[in-house]
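Since the structure comes first, as structure tokens, the remarks are kept for the end.
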Amino acid sequence: TYVGIIAFGLTLVMITGNIDLSVGSMLTFMCCVCAKIMMNTDNGLLGIFGTIAIGAVCGLLNGVLVSYVKLNSFITTLGTSSIFTALALRISAGTVLVIPNDCDPVFQAVGVSSFGPVHILIVWFVVVALILGFILSRTVFGQQLYTIGANPVAARFSGIRAKRNMAVGYVITGICVGLAAVLMMANVKSSNPQASNGKEMDIILAIVLGGVSVTGGKGSVWGTIIGVLFY
């Protein structure tokens, strides 16, 4: 579920012909942030929305560097990956952060409740897939992402705001990473400062197996679902 949710967001980035190698380290950082918030405040809503908001900021950092500063996405996100790893180690002081089992019920409900036989993690997986699948296949923004990936020159001369759209794709990826971190912490209630390092390879593998072109312009969230199930 965690890999799938992040993969859905990263699909939007890869369709534009870019990549994000920092999602694994970002997930580790977000888990540490979420655990720290819950340990210090025990406020479920703050833990949930605070983590997702910081994830969006991390995605925005990548998006600005790649789209507006025009740095290579491979090198840029490899560099920010090291930054997120360092921040995770700094926040956790190199130790495992543990959320109390009797923490805010709202926070626990996000990750451990169920609807009959269906666990809520499956519900989150389906909801995120439907939302991003709809955005990518049924909105102008989604179609513009395909154009940017297939032919950046044509996109520019067509009046598409390529820089803004690419940055938004990275922000959406950051939000997905933040949500995945919240769900993970609500379940396992402990954060190792190096637990998810290297997870980006699993995520990218699932996306590529789902038919997303590494050069951009091709792929879908529906294909990524298949890739996640079989990676």
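The values are calculated or read from the model by the stated rules, or taken from the named source; none is laboratory data. Predicted model, so just to flag it, every value in this text is computed and none were measured. So basically every Cβ, Gly included, is an ideal-geometry build from the backbone, and we count neighbours across all protein chains shown. Accessible surface areas use protein heavy atoms only, side chains included; no ligands, DNA or RNA. Shrake-Rupley method; radii C 1.70, N 1.55, O 1.52, S 1.80 Å.
Couple of notes before you dig in:
- Checklist (1) within 27 Å of V112 (Cα to Cα); (2) in contact (Cβ under 8 Å) with a residue 40 or more places away in the chain; (3) among the β-branched types (V, I, T); (4) part of a helix (DSSP H, G or I) applied to T80, failing item: (1)
- Filter pass, I203 being loosely packed, with under 15 Cβ neighbours inside 10 Å and either of a type in the set (A, V, I, L, M, F, W, C) or free of Cβ contacts under 8 Å to residues at least 60 places away in the same chain (or both): no
Matching residues to (1) under 17 Å from T224 (Cβ atoms); (2) in contact (Cβ under 8 Å) with a residue 60 or more places away in the chain:
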position: I120; (1), (2): no, no
position: A129; (1), (2): yes, yes
position: L132; (1), (2): yes, yes
position: R138; (1), (2): yes, no
position: N151; (1), (2): no, yes
position: R164; (1), (2): no, yes
position: V171; (1), (2): no, yes
position: V188; (1), (2): no, no
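- I19 touching a helix residue (DSSP H, G or I) at 6+ places or on another chain (Cβ under 7 Å), open to solvent by 10 Å² or more (accessible area, probe 1.4 Å) and in a helix (DSSP H, G or I): no
- The stretch 22-57, residues that are more than 18 Å from L183 (Cα to Cα) and open to solvent by less than 10 Å² (accessible area, probe 1.4 Å): S22
- Sole exception among (1) among the polar types (S, T, N, Q); (2) at pLDDT 90 or above; (3) assigned to a loop (DSSP other than H, G, I, E, B) for Q194, by number: (2)
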